[in-house]
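Undergrad: This is the structure, below, for whatever I ask next.
All of the numbers you see were taken from the coordinates with simple rules; none came from a lab. A quick note: this is a predicted structure, and the numbers were derived from the prediction, not measured. Virtual Cβ from ideal backbone geometry, glycine too; neighbours counted across all protein chains shown.
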Amino acid sequence: MSAAEVLALTLWGEAAGRPVRAIEGLAALVVNRARRAAEPGGPAHWGSGIGGVCRAPFQFPCWNRNHPRHAALMEVPPGDGALAICRRVAARAIAGALPDPTGGATHVHDAAALPGWAVGRAASAEIGGFCFYRAEDLG
């Protein structure tokens, strides 16, 4: 499976049903992680390359076999409109043609939840029900 398809499926699994701007933010986050992980001393647990970042353990739950969206991810219906949007966003992200609406974010959570790592931290952006954070702002 190509990196573009893995990214598109990740976007679908994590953000289908959200506004396009939120999907773009998540795609930018994946690109930011891939770039940071490729730097000397970069976080190896984020994976290598776009596909590796998407499928790195414990990073994007839709790739966890026990997650409710995983089964759906493996059987997206042909002609799914949300997947078509995710594929277009993924192609733009991989081509370097997607502006980063997150301000360089490498971390994200659903706005309806507050994970421990985000307590007391200011988000760099809040888009479509996602809160985005830059690694350097997490201390």
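Undergrad: Sort out for me the Cα centre separation of the stretch 61-109 from the stretch 20-58, rounded to whole Å.
TA: 12
Undergrad: Here's a follow-up. So how tilted is helix 3-15 from the main axis of the chain? Cα-based, degrees 0 to 90, rounded to 10.
TA: For 3-15 against the chain, the angle is about 80 degrees.
Undergrad: Measure nothing fancy, just the Cα-based angle from helix 81-94's long axis to the longest principal axis of the chain, in degrees from 0 to 90, nearest 10.
TA: In the chain, helix 81-94 runs at an angle near 50 degrees to the longest axis.
Undergrad: Local charge sum around ILE85 (other residues, Cβ-Cβ under 12 Å, Lys/Arg +1, Asp/Glu -1)?
TA: Here the count lands on +3.
Undergrad: Here's something else I'd like to know. Grab the Cα-Cα distance for LEU114 and HIS45, subtract it from 0.36 nm times how many residues apart they are, and report the gain in nm with one decimal.
TA: The span from LEU114 to HIS45 would gain 22.6 nm if fully extended.
Undergrad: Follow-up question, since we're still on this one. Can you list the residues of the stretch 1-33 with backbone N under 11 Å from a point 7 Å past the Cα of ALA135, pointing along Cα to Cβ?
TA: Inside the label zone: 32-33.
Undergrad: If Lys and Arg each add +1 and Asp and Glu each add -1, what is the summed charge of the other residues whose beta carbon sits under 10 Å from the beta carbon of HIS107?
TA: +2
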